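Below: one structure, written as structure tokens.
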Amino acid sequence: MHAPHWVIATTFAVGLPAAVFAQDATNTAAQTTPATTQTTTTQTTTTNDTTSTHLINATQSRWLASGFVGSNFGASTDSASVDFGAQVGYLWNGVIGAEVLGDFAPKFKINNALFSDNPNVNAYMGNIIGAVPIGDEGQFQPYISGGLGAVQLRSDVFNVAGLASSGTVSANQTKFGGDIGGGIMGFAGNVGIRADVRYYRAFTTSNLSTTANTAADVFAQNLLSGLDFWRANVGLAVRW
């Protein structure tokens, strides 16, 4: 065999296995890369699923109830007085919902010579409530709420102003009214506290009680018309 032919043959013999080996290495790398990509994709999907589940748990829909005590003050009141009440509501996904509440003030401070004692001023409201869940499971929920309902005034009234010997007659009048306010709820598990400040106003029209038939009822109706006040309350709250 001539030398040139021998050199070519030798080069071909050595180069062919190297080329095959290089091709195999390239194929192996190509096959390994998709597997790695698939693994990364699977891990990303798992992470996203975990995050979504966490957010759903933190904003689940719940019933809420609370009992509270506090004070009336400001606006039409002459001084602060004690009030108490209760609330029941429902929050959809922890964000928006509805509630009903009743507030009761047995010694509402209005100075008037016709009253034999401080009147009862009670409020019954149906509200829309909006909240912002904060923290795991929404432990803290700042909120605002407002709505419509009724404001009631009940009292014994002297027949003659300031004269106890003239005798008394009962007055009981109710008008449409509204309220608006805000506060915060905080929970450890399903038990916590609720605190808020709320403004109430009785409307000047639309009586809810029977027509005033006595002088005492006319007096109470006129006094209740436009009556407004603030209430600040704090109490125990539960959710389920």
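Against the conditions (1) assigned to a loop (DSSP other than H, G, I, E, B); (2) among the small types (G, A, S); (3) within 19 Å of D228 (Cα to Cα), S145 satisfies every one except (1). Would you check if there is a residue in region 184-195 being in contact with a Ser or Thr (Cβ under 8 Å, 6 or more places away or on another chain) and β-branched (V, I, T)? Checked region 184-195: no residue is in contact with a Ser or Thr (Cβ under 8 Å, 6 or more places away or on another chain) and β-branched (V, I, T). G182 passes every criterion in (1) part of a strand (DSSP E or B); (2) out of contact with any strand residue (DSSP E or B) (no Cβ under 8 Å at 6 or more places or on another chain); (3) not aliphatic (A, V, I, L, M) apart from (2). Does region 78-95 contain at least one residue that is among the hydroxyl-bearing types (S, T, Y), more than 22 Å from N213 (Cβ to Cβ) and out of contact with any Phe, Trp or Tyr (no Cβ under 9 Å at 6 or more places or on another chain)? No, that holds for no residue.
Restricting A215, A237 to residues that are of a type in the set (A, V, I, L, M), buried (at least 17 other Cβ atoms within 10 Å of the Cβ) and over 16 Å from L148 (Cα atoms) narrows the list to A237. Pick from region 111-136 the residues that are outside any strand (DSSP E or B) and touching a strand residue (DSSP E or B) at 6+ places or on another chain (Cβ under 8 Å): which of them is surrounded by the most Cβ atoms within 10 Å (Cβ to Cβ)? Per the criteria, the residue is P119. Of the residues making up region 200-233, those that are in a loop (DSSP other than H, G, I, E, B) and closer than 16 Å to A75 by Cα number 3. If you filter region 157-194 down to residues that are closer than 29 Å to A215 by Cβ and aromatic (F, W, Y), you find that the one that is surrounded by the fewest Cβ atoms within 10 Å (Cβ to Cβ) is F176. Cβ-Cβ distances below 6 Å connect the following pairs, each with a first residue in region 185-199 that is assigned by TED's automatic domain parsing to the domain that holds N72 and assigned to a strand (DSSP E or B), a second residue that is surrounded by 11 or more Cβ atoms within 10 Å (Cβ to Cβ) and of a type in the set (S, T, Y), and a separation of six or more residues or different chains: R194/S66. Residues in region 67-81 that are free of Cβ contacts under 8 Å to residues at least 40 places away in the same chain and surrounded by 14 or more Cβ atoms within 10 Å (Cβ to Cβ): 2 in all.
Looking at region 33-47, can you tell me whether even one residue there is surrounded by 15 or more Cβ atoms within 10 Å (Cβ to Cβ), at pLDDT below 95 and either small (G, A, S) or not assigned by TED's automatic domain parsing to the domain that holds A202 (or both)?
As a first pass, look at region 33-47 and keep what is surrounded by 15 or more Cβ atoms within 10 Å (Cβ to Cβ): none.
No, every residue in region 33-47 fails to be surrounded by 15 or more Cβ atoms within 10 Å (Cβ to Cβ), at pLDDT below 95 and either small (G, A, S) or not assigned by TED's automatic domain parsing to the domain that holds A202 (or both).
The values are calculated or read from the model by the stated rules, or taken from the named source; none is laboratory data. From a predicted model like this one, the values you see are computed outputs, not experimental measurements. Cβ sites come from the backbone with ideal geometry, for glycine too, and all protein chains shown count toward neighbours.
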